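Notes follow once the structure below has been shown.
The values are calculated or read from the model by the stated rules, or taken from the named source; none is laboratory data. Keep in mind it's a predicted model, so treat the numbers as computed, not measured. Cβ coordinates were reconstructed from backbone atoms using ideal geometry, including for glycine residues, and neighbour counts include every protein chain displayed. Ligands, DNA and RNA are excluded from the accessible area calculation, which covers all protein heavy atoms including side chains. Shrake-Rupley method; radii C 1.70, N 1.55, O 1.52, S 1.80 Å.
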Amino acid sequence: MGTILDYLKEYGDYTWEEKPFSDVDSLILSQFAYLKFDGMAPEPEAKQPMTTLYDLVNQKAYDHLYADERYREDNTALFLGMYRSKRFGGMKIGNYVNHIDLERETQFSAVTYCLSNDLYYVAFRGTDESIVGWKEDLNLAFSEPVPGQLMSVEYLERAAERIPGEFYVGGHSKGGNLAVYSVMNCKPEVRRRVGRIYDHDGPGFRPEVKSQSAYAEIESKIHKTIPRSSVVGMLLYTDGAYRVVESKTLGVAQHNPYTWLIDQDQFHVVEEIRAGRKFMDEALNEWILSLNQEQMHTFVDTFYQIVLASETDNLIDFTENWFRSVHKIGAALKEVEPETAKMLIQIMKKLFEILSANARERVRSRTEIQKERFEEGISQLELLFKQP
């Protein structure tokens with residue numbers, strides 16, 4: 001078994017006629033959307049033809065493609081594997097958009113691929129390394145659409161004007177959420193032309209968001225895949241079909257597409273996500289849906305302030321400098337208004353109540369220990385807010 005990089009080595013010389021488009025191909029294109037095509041691929045308003053992989057290799061700004069330091073080595077291998085293959089070597093890229101708006105807390109990027117004369121794929125980028133992208137992910141828990149979701153609908157409808165016939169839409173992480181959202185809210189004439197929707201470990205939607213859209217109409221077109229210890233992909237995903245893919249790593253690191261295992265030319269599928277992870281996912285979803293709009297805004301905004309207190313603009317630096325920023329994070333907590341602090345503590349207590357109630361049926365012997373540890377943490381949090 002291998003990963004998408006091994007898949008490219010083993011099956012990269014198969015044409016689309018010899019081996020039809022698959023879920024693995026979709027994950028490759030979804031990950032490829034994380035590359036930074038700024039200044040290299042034509043934007044929607046541009047009149048020049050779509051860019052080829054050969055064009056990208058020969059541009060002076062070629063190295064900028066790998067500006068996302070999280071996956072520089074793997075993304076380089078991905079690009080070169082695609083470039084050298086028959087399957088993706090002739091791919092064209094266009095309609096590139098990359099928009100970051102700090103004031104509106106929006107990070108949105110999308111690109112359109114032409115794989116052959118009759119095979120097009122619209123890819124939405126997932127959360128990048130920016131703090132504002134992470135904040136927008138949290139905002140998905142609200143019932144009202146975030147700016148990125150509204151932009152996805154506009155992008156899809158404009159992209160469809162340049163695509164003949166049927167096409168596919170997809171993305172990884174938040175990109176998967178945007179793929180589904182754009183199709184279930186676009187014009188009916190565009191929606192009918194979407195053959196498949198690929199959601200690779202993307203968050204779901206609150207019930208009221210789905211009920212106010214054409215979700216029921218497109219549900220059968222959705223190809224949802226999640227890793228065995230999925231966290232992001234099960235967020236607000238309370239129903240619907242999905243396939244579970246084995247990963248070569250553990251925990252939340254499985255969200256990384258480069259860890260997903262492939263057996264020959266297909267994902268290595270297992271029966272279900274891990275029992276402990278499923279228990280936590282169900283509890284988190286119950287907790288999120290139990291909070292009202294004010295509570296959700298309080299929770300998300302407060303923790304966003306805490307992250308900003310580390311004085312960084314991306315999650316890589318935040319993680320690396322965590323210990324050096326502890327005192328700044330503590331200071332940010334003390335600056336929270338008393339009423340907000342009180343609500344935050346109540347929100348955290350509600351999460352424990354749900355976890356505790358659900359745990360009684362599964363891990364009775366651990367419940368009291370969990371309760372003691374949690375209540376100790378809450379007490380410390382309350383003391384922190386009371387300090388001058």
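Take the range 2-13 and flag every residue that is open to solvent by 90 Å² or more (accessible area, probe 1.4 Å) and not basic (Lys, Arg).
Scanning the range 2-13 gives Glu10, Asp13.
Output the qualifying pairs, or none if there are none: Cβ atoms under 9 angstrom, residues six or more apart or on different chains, first residue in the range 64-80 and touching a residue at least 60 places away in the same chain (Cβ under 8 Å) and open to solvent by less than 10 Å² (accessible area, probe 1.4 Å), second residue part of a helix (DSSP H, G or I) and among the hydroxyl-bearing types (Ser, Thr, Tyr).
Leu78/Tyr71; Leu78/Tyr258
Of a type in the set (Val, Ile, Thr) and either surrounded by fewer than 23 Cβ atoms within 10 Å (Cβ to Cβ) or under 23 Å from Trp16 (Cα atoms) (or both): which single residue out of Val180, Val111 fits that description?
Val111
Kindly indicate whether any position in the range 29-40 is open to solvent by 10 Å² or more (accessible area, probe 1.4 Å) and either out of contact with any His (no Cβ under 9 Å at 6 or more places or on another chain) or farther than 26 Å from Phe108 by Cβ (or both).
No, the conditions are met nowhere in the range 29-40.
Examine the range 91-101 for a residue that is of a type in the set (Val, Ile, Thr), open to solvent by 20 Å² or more (accessible area, probe 1.4 Å) and within 26 Å of Gln149 (Cβ to Cβ), and state whether such a residue exists.
Checking the range 91-101: at least one residue is of a type in the set (Val, Ile, Thr), open to solvent by 20 Å² or more (accessible area, probe 1.4 Å) and within 26 Å of Gln149 (Cβ to Cβ).
Within the range 43-55, does at least one residue satisfy the condition of being in contact with a Ser or Thr (Cβ under 9 Å, 6 or more places away or on another chain) and either farther than 27 Å from Arg162 by Cα or at pLDDT 95 or above (or both)?
Yes: one or more hits.
Of a type in the set (Lys, Arg) and at pLDDT below 75 - does that describe any residue in the range 123-141?
yes
Residues checked against (1) outside any loop (DSSP other than H, G, I, E, B); (2) under 23 Å from Leu138 (Cα atoms); (3) modelled with pLDDT of 95 or more; (4) not β-branched (Val, Ile, Thr):
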position: Asp199; (1), (2), (3), (4): yes, yes, yes, yes
position: Gly204; (1), (2), (3), (4): no, yes, no, yes
position: Glu217; (1), (2), (3), (4): yes, no, yes, yes
position: Gly233; (1), (2), (3), (4): yes, yes, no, yes
position: Gly240; (1), (2), (3), (4): no, yes, no, yes
position: Thr249; (1), (2), (3), (4): no, no, no, no
position: Val252; (1), (2), (3), (4): yes, yes, no, no
position: Glu272; (1), (2), (3), (4): no, no, no, yes
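Name the residues in the range 191-212 that are without any contact (Cβ under 8 Å) to a residue 40 or more places away in the chain, more than 28 Å from Leu261 (Cβ to Cβ) and surrounded by fewer than 19 Cβ atoms within 10 Å (Cβ to Cβ), would you?
Matches in the range 191-212: Arg192, Arg193, Ser211, Gln212.
Considering each residue of the range 237-273, count those that are over 17 Å from Gly2 (Cβ atoms), exposed (fewer than 14 other Cβ atoms within 10 Å of the Cβ) and not small (Gly, Ala, Ser), and give that number.
Going through the range 237-273 one residue at a time, the tally reaches 6.
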